[in-house]
Amino acid sequence: MSKAYEAVTTLLKIWDDVKEIFEHNKVTIRKMDQETQDLLHEIEFGNLSAAQRMRVFNELREIRQERRRLKNENEALEPLYNILAHKSFSQLKIDLHKAQGAISRIIETQAARSYKPRVRTDLTICTVKSNSSIDEHNADVEELLKEG
(Lines give C-alpha, C1' and ligand atoms only; values in the text may rest on other atoms or scores of the structure.)
Protein backbone atom coordinates (compact mmCIF):
# COMPACT_ATOMS: atom_id res chain seq x y z
CA MET A 1 0.00 0.00 0.00
CA SER A 2 1.30 3.48 -0.73
CA LYS A 3 2.41 5.83 2.03
CA ALA A 4 0.03 8.51 0.73
CA TYR A 5 -2.96 6.16 1.02
CA GLU A 6 -1.87 5.03 4.48
CA ALA A 7 -1.46 8.66 5.63
CA VAL A 8 -4.95 9.66 4.47
CA THR A 9 -6.45 6.52 6.00
CA THR A 10 -4.69 7.22 9.31
CA LEU A 11 -5.91 10.83 9.34
CA LEU A 12 -9.49 9.75 8.71
CA LYS A 13 -9.28 7.06 11.42
CA ILE A 14 -7.91 9.54 13.96
CA TRP A 15 -10.69 11.94 13.02
CA ASP A 16 -13.36 9.29 13.55
CA ASP A 17 -11.75 7.96 16.75
CA VAL A 18 -11.52 11.40 18.40
CA LYS A 19 -15.16 12.14 17.59
CA GLU A 20 -16.37 8.71 18.72
CA ILE A 21 -14.41 8.72 22.00
CA PHE A 22 -15.38 12.30 22.88
CA GLU A 23 -19.08 11.77 22.21
CA HIS A 24 -19.17 8.35 23.90
CA ASN A 25 -17.52 9.85 26.98
CA LYS A 26 -20.12 12.64 27.09
CA VAL A 27 -22.98 10.11 27.02
CA THR A 28 -21.31 7.96 29.68
CA ILE A 29 -20.68 10.98 31.92
CA ARG A 30 -24.37 11.92 31.71
CA LYS A 31 -25.35 8.36 32.61
CA MET A 32 -22.93 8.39 35.54
CA ASP A 33 -24.39 11.69 36.75
CA GLN A 34 -27.83 10.07 36.79
CA GLU A 35 -26.48 6.99 38.55
CA THR A 36 -24.84 9.25 41.15
CA GLN A 37 -28.20 10.89 41.78
CA ASP A 38 -29.81 7.47 42.20
CA LEU A 39 -27.23 6.50 44.81
CA LEU A 40 -27.50 9.83 46.63
CA HIS A 41 -31.26 9.39 46.82
CA GLU A 42 -30.73 5.85 48.10
CA ILE A 43 -28.57 7.29 50.89
CA GLU A 44 -31.10 10.05 51.58
CA PHE A 45 -34.31 8.02 51.54
CA GLY A 46 -33.25 4.39 51.93
CA ASN A 47 -33.33 2.45 55.15
CA LEU A 48 -29.82 1.00 54.87
CA SER A 49 -27.77 -1.13 57.21
CA ALA A 50 -24.11 -0.29 57.79
CA ALA A 51 -23.04 -2.91 55.23
CA GLN A 52 -25.49 -1.56 52.65
CA ARG A 53 -24.29 2.02 53.25
CA MET A 54 -20.70 0.86 52.75
CA ARG A 55 -21.69 -0.89 49.48
CA VAL A 56 -23.46 2.27 48.23
CA PHE A 57 -20.49 4.40 49.30
CA ASN A 58 -18.06 2.14 47.40
CA GLU A 59 -20.27 2.19 44.27
CA LEU A 60 -20.53 5.97 44.47
CA ARG A 61 -16.75 6.28 44.82
CA GLU A 62 -16.11 4.00 41.80
CA ILE A 63 -18.60 5.91 39.67
CA ARG A 64 -17.09 9.27 40.63
CA GLN A 65 -13.54 8.06 39.91
CA GLU A 66 -14.48 6.70 36.47
CA ARG A 67 -16.47 9.87 35.74
CA ARG A 68 -13.38 11.96 36.61
CA ARG A 69 -11.21 9.82 34.32
CA LEU A 70 -13.64 10.34 31.42
CA LYS A 71 -13.92 14.08 32.10
CA ASN A 72 -10.12 14.39 32.13
CA GLU A 73 -9.91 12.48 28.85
CA ASN A 74 -12.54 14.72 27.25
CA GLU A 75 -10.84 17.83 28.59
CA ALA A 76 -7.68 16.77 26.75
CA LEU A 77 -9.61 15.77 23.59
CA GLU A 78 -11.81 18.89 23.48
CA PRO A 79 -9.38 21.24 21.66
CA LEU A 80 -8.86 18.67 18.90
CA TYR A 81 -12.57 17.77 18.82
CA ASN A 82 -13.53 21.44 18.42
CA ILE A 83 -11.12 21.85 15.51
CA LEU A 84 -12.38 18.69 13.80
CA ALA A 85 -16.02 19.64 14.38
CA HIS A 86 -15.57 23.10 12.79
CA LYS A 87 -17.40 23.61 9.48
CA SER A 88 -14.24 24.27 7.51
CA PHE A 89 -12.84 20.93 8.65
CA SER A 90 -16.00 19.15 7.53
CA GLN A 91 -15.05 20.13 3.98
CA LEU A 92 -11.50 18.96 4.64
CA LYS A 93 -12.82 15.53 5.64
CA ILE A 94 -14.80 15.35 2.40
CA ASP A 95 -11.65 16.34 0.50
CA LEU A 96 -9.61 13.69 2.36
CA HIS A 97 -12.12 11.01 1.35
CA LYS A 98 -11.87 12.21 -2.27
CA ALA A 99 -8.07 12.14 -2.05
CA GLN A 100 -8.19 8.63 -0.62
CA GLY A 101 -10.29 7.48 -3.56
CA ALA A 102 -8.02 9.21 -6.06
CA ILE A 103 -4.92 7.65 -4.48
CA SER A 104 -6.57 4.23 -4.59
CA ARG A 105 -7.34 4.65 -8.30
CA ILE A 106 -3.76 5.81 -8.98
CA ILE A 107 -2.36 2.74 -7.20
CA GLU A 108 -4.61 0.47 -9.29
CA THR A 109 -3.57 2.26 -12.51
CA GLN A 110 0.11 2.01 -11.61
CA ALA A 111 -0.22 -1.71 -10.85
CA ALA A 112 -1.83 -2.35 -14.25
CA ARG A 113 0.54 -0.13 -16.23
CA SER A 114 2.65 -1.79 -18.91
CA TYR A 115 4.91 -0.72 -21.73
CA LYS A 116 4.78 -1.95 -25.29
CA PRO A 117 7.70 -0.91 -27.48
CA ARG A 118 6.60 1.17 -30.44
CA VAL A 119 9.40 0.34 -32.84
CA ARG A 120 11.65 -2.36 -31.38
CA THR A 121 9.54 -5.51 -31.29
CA ASP A 122 12.64 -7.68 -30.74
CA LEU A 123 13.08 -6.48 -27.13
CA THR A 124 12.31 -8.70 -24.12
CA ILE A 125 10.15 -6.00 -22.55
CA CYS A 126 7.40 -6.26 -25.12
CA THR A 127 4.66 -6.70 -22.53
CA VAL A 128 6.42 -6.20 -19.17
CA LYS A 129 4.42 -4.30 -16.57
CA SER A 130 6.28 -1.22 -15.45
CA ASN A 131 6.02 -1.95 -11.73
CA SER A 132 7.04 -5.61 -11.93
CA SER A 133 10.71 -4.84 -12.61
CA ILE A 134 10.71 -2.21 -9.86
CA ASP A 135 9.16 -4.69 -7.41
CA GLU A 136 11.73 -7.33 -8.39
CA HIS A 137 14.55 -4.84 -7.91
CA ASN A 138 13.18 -3.79 -4.48
CA ALA A 139 12.90 -7.46 -3.44
CA ASP A 140 16.53 -8.04 -4.51
CA VAL A 141 17.70 -5.02 -2.50
CA GLU A 142 15.72 -6.15 0.56
CA GLU A 143 17.25 -9.63 0.30
CA LEU A 144 20.75 -8.16 0.11
CA LEU A 145 20.07 -6.02 3.19
CA LYS A 146 18.86 -9.07 5.13
CA GLU A 147 21.98 -11.03 4.19
CA GLY A 148 24.28 -8.13 5.08
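Things to note:
- Heavy-atom accessible surface of residue 108, to the nearest 10 Å², is about 120 Å², with a 1.4 Å probe and all protein chains retained.
- For the range 72-81, putting each phi into the Karplus relation 6.51 cos²θ - 1.76 cosθ + 1.60 with θ = phi - 60° gives couplings of 5, 4, 5, 4, 6, 7, 4, x, 5, 4 Hz, in residue order, rounded to whole numbers and with x for Gly and Pro.
- Of 109, 124, the order by accessible heavy-atom surface (1.4 Å probe, DNA, RNA and ligands excluded), from most exposed downward, is 124, 109.
- Per-pair calculated FRET efficiency, R0 = 35 Å: residue 47 and residue 14 via Cβ, rounded to 0.05: 0.10
- Two-site FRET efficiency, residue 98 against residue 123, from Cβ-Cβ distance with R₀ of 25 Å, rounded to 0.05: 0.05
- Prolate/oblate/rounded label for the range 48-113 (Cα gyration tensor, a/c 1.5): prolate
- For the range 1-89: accessible area per residue (Å², 1.4 Å): 75
- The fraction of accessible area contributed by carbon and sulfur in the range 1-113 is 57 percent, rounded to a whole number (1.4 Å probe; ligands and nucleic acids excluded).
The values are calculated or read from the model by the stated rules, or taken from the named source; none is laboratory data. Just so you know, these numbers come straight off a predicted model, no measurement behind them. With ideal geometry, Cβ positions are generated from the backbone for all residues, glycine too; neighbour counts draw on all protein chains shown. Ligands, DNA and RNA are stripped out before the accessible areas are found, and what is left, the full protein with its side chains, is counted by its heavy atoms. Shrake-Rupley method; radii C 1.70, N 1.55, O 1.52, S 1.80 Å.
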